[in-house]
Amino acid sequence: NNNGRIINGVTHSQTQGVIVTGVNDNGDGSYIVTIAPAVSFTNIRAGQSPGAYWPGFVQNDGMENLTIDHSQTTANSPIGMLGCYQCWVRNVRMLYGARDDVFECLSSHDVIRDSYFYGAQGNASQSYGIEEEIASNTLIENNIFQQTTVPIMFGQGSGLVVGYNYGINNVYGPVGYQGALASYYSHNAGSEMNLWEGNVLNGIWGDGSTWGGSTQGTLFRNLLVGWETGKSYSTFPVFLTSWSRGFNVIGNVLGQPNLHNTYESYATSTTGGLNGGSTANK
């Protein structure tokens, strides 16, 4: 998925939002541009033709202390943080979002915290609580998600921190659907250098095989149950598909007693256990 640019037919999906802190004219038609923070990716080099663009932005805008009931409109996003720098959402109750409740795009150094997200209009495949797309260095902290479909969805994000959030009773699809859903570290390509710490969620998934790879994520001290009442498949706490690389999974409590009894499984065959197992099951 081309979150970044297409250069000579090659998709460049890695993006990072920064602030330009200085521009020096070298006098020969070239310039030195100083940014903050520094580039966090470990594979940036001249041979990959990195580039920059300036979309324009707003700064220090916020929403706090209100309820938004979205049930009477099908517009995608009740709150959109588009080209936002150092913006925030705090102590907001979000009811019945459409595609999402909060959408952050082309934004950096924002905060979404201390808020409550309830329900969704269609509980369809594109139905999220917080959706991140081309976002960097945002803090998502101390929120509650109840009966949303996917509490937190990273299309593409870099340098984000997801800390101490609570999700319960994810709802997806028609009545009787038996699959469990989790939050997504990545769904599009290029999500990197993100920390998920201290969350209580159904699970955290990295969907590298669908839209492209993501790397270098850390899942630290989370409680990920990988299970919901009445759900019989996709019941796994951590799911990293192909092209999800360089992840750290440290100090977490994973799974349910008497349900999850396999520590690690690679879906390379139809047999169960280590080096084999179906992704349709736990």
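The values are calculated or read from the model by the stated rules, or taken from the named source; none is laboratory data. Quantities reported herein were computed from a predicted structural model and do not represent experimental measurements. As a convention, Cβ positions derive from the backbone with ideal geometry for all residues, glycine included, and neighbour counts pool all protein chains shown. What goes into the accessible areas is simple: the full protein's heavy atoms, side chains included, and nothing from ligands, DNA or RNA. Shrake-Rupley method; radii C 1.70, N 1.55, O 1.52, S 1.80 Å.
Restricting attention to region 1-54, and to residues there that are part of a loop (DSSP other than H, G, I, E, B) and among the β-branched types (Val, Ile, Thr), which single residue is least open to solvent (accessible area, probe 1.4 Å)?
Only one residue fits best here, namely Thr15.
So which residues in region 118-154 are open to solvent by 20 Å² or more (accessible area, probe 1.4 Å), touching a strand residue (DSSP E or B) at 6+ places or on another chain (Cβ under 8 Å) and either in a loop (DSSP other than H, G, I, E, B) or closer than 17 Å to Glu228 by Cβ (or both)?
Tyr118, Gln121, Asn137, Asn142, Ile144, Gln146, Gln147
Being of a type outside the set (Asp, Glu), touching an Asp or Glu at 6+ places or on another chain (Cβ under 9 Å) and without any contact (Cβ under 8 Å) to a residue 60 or more places away in the chain is the requirement here; does Tyr128 meet it?
yes
Using the structure shown, decide if Trp196 is surrounded by 14 or more Cβ atoms within 10 Å (Cβ to Cβ), at pLDDT 90 or above and not β-branched (Val, Ile, Thr).
When the stated conditions are applied, Trp196 passes them.
Go through region 64-116 residue by residue and tally those that are open to solvent by 20 Å² or more (accessible area, probe 1.4 Å) and of a type outside the set (Gly, Ala, Ser).
29
Among the residues in region 169-192, are any within 24 Å of Gln86 (Cα to Cα), among the acidic types (Asp, Glu), within 14 Å of the chain's Cα centre (by Cα) and open to solvent by 30 Å² or more (accessible area, probe 1.4 Å)?
Checked region 169-192: no residue is within 24 Å of Gln86 (Cα to Cα), among the acidic types (Asp, Glu), within 14 Å of the chain's Cα centre (by Cα) and open to solvent by 30 Å² or more (accessible area, probe 1.4 Å).
Can you name the residue in region 211-270 that is open to solvent by less than 40 Å² (accessible area, probe 1.4 Å), at pLDDT 95 or above and not in a loop (DSSP other than H, G, I, E, B) and, of all such residues, is farthest from Gln178 (Cα to Cα)?
Thr218
Here are some residues: Gly179, Gly206, Gly173. Which one is at pLDDT below 95 and closer than 18 Å to Asn248 by Cα?
When all the criteria are applied, what remains is Gly206.
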